[in-house]
């Protein structure tokens with residue numbers, strides 16, 4: 001805008017350049033919003049994974065094989081009143 005006030009130029013040319021810059025700004029702003037959302041998602045995942053690893057490390061006995069019967073017993077106990 002400052003240039004438009006200082007220098008005599010074709011108004012159509014100026015408007016075209018201005019509109020291109022506005023579009024470029026809008027695209028960059030939208031991308032920045034996407035990147036910020038991705039960063040936030042990654043931070044949340046990092047915290048969750050860190051907590052999970054910490055919980056696993058605190059376990060007295062680590063599970064080394066899948067016990068389907070224990071899972072069935074555990075699920076059944078949730079539904080008993």
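Here the extension length gained between residue 22 and residue 55 equals 6.9 nm, from 0.36 nm per residue of separation less the Cα-Cα distance.
What FRET efficiency do you get for residue 37 and residue 69 if R0 is 25 Å and r is their Cβ-Cβ distance, rounded to the nearest 0.05?
0.05
Projecting the alpha carbon convex hull of segment 2-79 along each direction and taking the average yields 11.4 nm².
Each reported figure results from applying straightforward, stated rules to the coordinates on display, with no laboratory input. Predicted, not measured: the structure shown is a model, and the values here were computed from it. Using ideal geometry, Cβ is built from the backbone for each residue, glycine included, and neighbour counts are taken over all protein chains shown.
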